[in-house]
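Here, each number is a calculation from the coordinates, and none is a lab measurement. As the structure is a computational prediction, the values presented were derived from the model and not from experiment. A quick note on method: Cβ atoms are made from the backbone with ideal geometry, for glycine too, and the neighbour counts reach across all protein chains shown.
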Amino acid sequence: MCLSKIYRECGARYQKPQVVYKSKGERQIDLMYQQRLFSQEITRTLMKSPKVDIVYIDETTFNLWQTPSKMWLKAGMKMELPDQRGQSISMIGALSINKGLLHTTVFAGSNTVDTFLPFLLGLKEKCSD
C-alpha cells in the first residue's frame with residue numbers, strides 16, 4: 001500500500017496549503033498538535049494493513065564543475081579550466097523496508113516533474129511485482 005493512498009484514506013490531499021500567519025509560539029504549538037494527530041491516524045491505518053511496507057524516496061544532485069581548492073603546481077604554472085560550467089547529474093532512489101533497494105535512476109540535469117514522474121512510474125511497476 002502506498003503512503004499516498006493512506007494519506008487519502010486519512011482525508012489528506014496533495015495541494016497547495018492555505019497560509020495563516022500566527023505568532024511563532026502559536027504556530028509551533030498548533031503545528032505540533034496537528035502533526036501528532038495526523039501521525040497517530042496514519043499509524044492506526046498502517047497497523048490495520050497486514051502487509052505494510054514503507055518506501056523511502058530521496059534524490060541528490062551533484063555537478064562536474066567543481067574547482068579544486070588546492071593542488072601541486074610548479075612555479076609559474078596555472079590551472080586551466082573550461083569556461084563553461086559542466087553538467088549537473090541527479091539520482092533518485094527508493095528503498096523499501098521489506099525489499100531493500102527497489103528502484104534508482106540517474107540523469108543529466110536537475111530533478112523536475114518531467115524526470116520525477118517517470119521515476120515514480122518505474123517504481124510503481126517494481127512495487128507491483
**Residue exposure sequence - L95, L123, L37 - by fewest surrounding Cβ within 10 Å** = L37, L95, L123
**Request:** Over the Cα atoms of the chain, compute the convex hull volume and normalise it per residue, giving Å³.
**Result:** 221 Å³
**Asked** What length, rounded to one decimal in nm, is gained on full extension from E41 through to I97, with 0.36 nm per residue of separation minus their alpha-carbon distance?
**Response** 18.1 nm
**Complete:** In debye to the nearest 20, the charge dipole size for the chain, taken about the Cα centre with +1 at each Lys and Arg Cβ and -1 at each Asp and Glu Cβ, equals 340 debye
**Asked** By a straight-distance test (C-alpha under 23 Å), which lysines pair with K99 as possible cross-link partners, with residues fewer than eight away in the same chain excluded?
**Response** K5, K48, K51, K124, K126
**Prompt:** Given the rule -39500 (n - 2.57) for each run of at least 4 DSSP H residues, summed and divided by the residues of the chain, what is its mean residue ellipticity at 222 nm, to the nearest 500 deg cm²/dmol?
**Reply:** -12500 deg cm²/dmol
**Prompt:** Does the range 1-51 come out rounded, prolate or oblate by the C-alpha gyration tensor, with a ≥ b ≥ c the root eigenvalues, rounded set by a/c under 1.5 and, if not, prolate when a/b is larger than b/c and oblate if not?
**Reply:** oblate
**Request:** Report the extension gain between W65 and C10 in nm, rounded to one decimal, defined as 0.36 nm multiplied by the number of residues separating them, less their alpha carbon distance.
**Result:** 15.3 nm
**Prompt:** If one computes the Cα centroid of the range 11-64 and of the range 75-109, what distance in Å separates the two points?
**Reply:** 29 Å
